[in-house]
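A quick write-up on the structure given underneath.
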Amino acid sequence: MQPASTAQAMVGAKDYNRIGLLDVLRGFAILGILLMNVQSFGMVSGAYLNPKALGEPPVADYLIWLLTHLLVDEKFIAILTMLFGAGLLLMAQRSKLTSGEFERVFRRRMLWLLAIGLIHGLLLWRGDILTTYAICGMAAIYFRHMPPWKLLKIAIALMLVPTVVIILMTAGLQLLPEQRLAELSTRHWLPTREVIREEVALYTGAWLATAGARALDGLTIQAWMLVTERFWRVLALMLIGMALLRIGFLMGQWPSERYRRNGLLALAIGLPTVALGVLFNEYFEWDLRYSLYLGKLANYWASGVVAFGWIALIAVLAHYDMLGRIGTWLTAVGRLALSNYLLQTLICATLFYGFGLGLYGQLDRPMLLLIVLGIWSAQVIFSLVWLKFFRVGPFEWTWRRLSARPLWG
C-alpha cells in the first residue's frame, strides 16, 4: 500500500465537493446499517423478523425496534446500494478505456467481489450483501448510458417483481393447512425453546464442527432472498443511484433549499407509510399469514423514499457546513467503506459466535445498541488513523490488487 500524502490525509477538510459528499454518505450508510445488522448477528433469526417472536417485549426493547424499523431498516442499505450504482457510473465516466475494455475490467472486479462476498457469507455471516452487489453490478453496467428518466422507469418495473412475489406468497400462506402453518411459525416466526436452543448451539458451538450447517443455512437464505427480492430491489436501487448522480442530486449540485424541501417531503411521505405497515402488523397481532410477507410491503416501498430523504438532509447539512467533526468522521469511514463493512462482521462475529465470546441470543436490543455505539467509535478511530498513513483501506487495496490481472489467460 502507498502512504497518503498530507493533502490526502486531510479527510476532515470542510470541502464537500462532488466526491466529498459521496464519502460522507457512504460513511453514514455504513455506520447506519450496523443498527440492523447487529440484531441479525446477536439475536435469533425470528426476532429480527418479528419483534414479538420471543414473547411480548419490554417497552425499551420494543421502542428501539420501532425506531430502527421506521428510520433505519432497509433505508441505510438502500443508501449504500444507490451509492454503489452511482460509483459504478462515476467509474465508467472517468475510465479512459474503450466501452468493451471497461466492461471486461469491471466484470473482473465484480467477480472478485463475488468471491469476497461468498467467503464472507458462507464462513462468517449469512446476511452478506456483497454477493448480491457483485451479481447486480454486472447487470447494472449495461444500463450506464441511459438517461435518468429511463433508469427510473426500469427501476420501478424491477421493484414490482418482488411486490408480485410477496402477494403470491401471502396468498399461498392462506391456503396452507393449519398444521403446516404451525410448523412454519414455530420454526421461523415464533420459535419454540427447542428451536432457539438449536440455533444458539449452531452459532455458539464448536465453530469448525458446525461450519457445514452454517454454510448451508447461509447459502439457502442468500439464494432464496436473491431470487425473490434482493436481485430486483438491489438492481433497481443501483439504477436509481445512477439517475440521481446524473441529475446532480448525489453530487451536491442542487440548491440547499431544494434539498431541504425534497428531503422533508420524502420523509413526510415515507415515514408514515412505514408506520402504517407496523399498524397493519399490530392489527393482525403479528400473524404469520399476514405479517411474514404482506406486512413488510409498506417498508419495502417506503424505505427508498426515506433513504432519499436522509440523503437530502445530509446534503443540506453539508451545504451549510453544519456537519463539523461528524463530517470528518463520516468521510473517513466512507473512504474505507468495504473495509469497515467487513470489519463490522469480524467484530460482531467475535462477540457473538462460538470462536469468540459466544453472546449469540443472550442480549436484548438496548444492550445491542450499546455495542453498536462501541463499534462506531472503534471504526471512526480506525478509519482516521489508517488514512493518516494509507490512501485506501486494507480490503479495498486487496480487491484492487486481485482485480488488476485477468482471472485466466
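A short reminder: the numbers here are calculations on the coordinates, not readings from a lab. Since the model is a prediction, treat every value here as computed from it, not as a measurement. Every residue, glycine as well, gets a Cβ built from its backbone with ideal geometry; the counts of neighbours run over all protein chains shown.
Quick notes
- Tail beyond 17 Å, pair distance distribution of the stretch 105-246 (Cα, percent): 70 percent
- Percent of Cα pairs exceeding the 42 Å cut-off, where the set is the stretch 6-403: 10 percent
- Near the amide H of Leu359, within less than 5 Å, lie the amide hydrogens of Phe352, Tyr353, all on another chain or at least 5 residues away, with H placed in the peptide plane.
- Placing unit charges on the Cβ atoms only, positive for Lys and Arg and negative for Asp and Glu, gives the chain a dipole magnitude near 1740 debye about its Cα centre.
- Rounded, prolate or oblate (a/c below 1.5 giving rounded, otherwise prolate when a/b exceeds b/c) for the stretch 71-144 by Cα gyration tensor: oblate
- Dipole-positive endmost among Leu370, Val385, Leu402 within the stretch 250-409 (Cβ charges, Cα centre): Leu402
- Inter-centroid distance (Cα atoms) of the stretch 170-242 relative to the stretch 289-364, Å: 21 Å
- Within the chain, the longest segment free of exposed loop sites, counting trypsin sites (Lys or Arg not before Pro) that fall outside DSSP classes H, G, I, E and B and have at most 16 other Cβ atoms within 10 Å, spans 97-387.
- Length-normalised contact order for the chain - Cα pairs under 8 Å, 6+ apart - percent: 35 percent
- Cubic angstrom per residue, convex hull over Cα atoms of the stretch 292-409: 224 Å³
- Extent along the principal axes, Cα only, for the stretch 238-299: 46, 24, 9 Å, with the longest axis given first.
- Here's the list of lysines a cross-link from Lys52 could span, going by alpha-carbon distance under 28 Å and ignoring same-chain residues fewer than 8 apart: Lys75, Lys296.
- Along its three principal directions, the equivalent ellipsoid of the stretch 127-200 from the Cα gyration tensor extends over semi-axes of 38, 19, 7 Å, largest first.
- Where chymotrypsin sites (Phe, Trp or Tyr not before Pro) in DSSP loops with at most 16 other Cβ within 10 Å are excluded, longest remaining stretch of the chain: 1-206
- A straight Cα-to-Cα reach below 15 Å connects Lys153 with none of the aspartates and glutamates, residues fewer than 8 places away in its own chain not being considered.
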